[in-house]
Amino acid sequence: MTTTARADAPTRREQILKEAARLFAERGFHGVGVDEIGAAVGISGPGLYRHFPGKDAMLAELLVGISERLLDGGRLRVGDTAGDPRALLGSLIDGHIDFALDDRPLITLHDRELDRLKDEDRKRVRQLQRQYVELWVAVVREVYPAAGEPEARAAVHAVFGLLNSTPHLAALGRTAMEELLRRLAHGAFGALAAA
């Protein structure tokens with residue numbers, strides 16, 4: 001095995017989190033035991049405790065982790081496309097589409113289980129989400145300078161609603177779904193130009 005292949009292989013911890021997200025999304029947080037998560041990754045349920053203190057810690061890492069990843073990715077995109085707000089908005093849309101299509105279980109998990117987090121973790125998720133929204137609002141206002149802040153914020157939340165609806169959509173195939181979501185997102189923001 002090459003060094004590159006080894007670096008790309010998911011760690012045991014990442015495997016556990018991926019399977020926990022899938023199982024929690026399918027059956028709910030309380031509908032899944034540590035034995036089932038362990039079996040899904042080929043270890044005993046008690047073996048999970050070498051990686052996580054319990055299911056609550058897995059849930060927190062999943063939801064805080066995806067919020068951090070979205071914000072960090074958005075910030076990277078801002079740095080990569082500085083000076084061209086339209087290109088940046090397109091890049092943000094593409095990044096969120098990738099998240100929505102690749103991490104559907106995390107969207108479902110967030111919708112259903114956010115209230116199960118400890119207050120500290122739930123506050124951290126909300127703080128990260130607010131920062132992510134603000135990043136988008138700033139870009140949308142650059143692209144559509146005539147739009148007010150409330151309109152830009154409403155459009156951002158509408159686009160998130162569209163993009164995050166992917167767990168509820170029939171599978172069209174990756175390419176078709178990406179194109180549909182991209183057109184819907186740009187259409188929603190384009191409505192700001194007509195306002």
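The values are calculated or read from the model by the stated rules, or taken from the named source; none is laboratory data. For clarity, every value in this text was computed on a predicted model and none was experimentally measured. Using ideal geometry, Cβ is built from the backbone for each residue, glycine included, and neighbour counts are taken over all protein chains shown. Side chains are part of the model used for accessible areas, which takes the heavy atoms of the whole protein and leaves out ligands, DNA and RNA. Shrake-Rupley method; radii C 1.70, N 1.55, O 1.52, S 1.80 Å.
Key figures
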item	result
Where a residue in segment 84-97 is open to solvent by 20 Å² or more (accessible area, probe 1.4 Å) and its partner, wherever it lies, is of a type in the set (S, T, Y), with Cβ under 6 Å and at least six apart	A87/T81; S91/T81
Scan of segment 163-195 for residues that are surrounded by 18 or more Cβ atoms within 10 Å (Cβ to Cβ), within 19 Å of the chain's Cα centre (by Cα) and among the hydrophobic types (A, V, I, L, M, F, W, C), ordered by number	L163, L181, A185
Segments classed as helices (runs of 4 or more DSSP H), wholly inside segment 46-143, with at least 2 members that are over 21 Å from P167 (Cα atoms)	55-80, 85-102, 119-143
Total residues in segment 147-195, condition of a type in the set (S, T, N, Q) and either in contact with a Pro (Cβ under 7 Å, 6 or more places away or on another chain) or assigned to a helix (DSSP H, G or I) (or both)	2
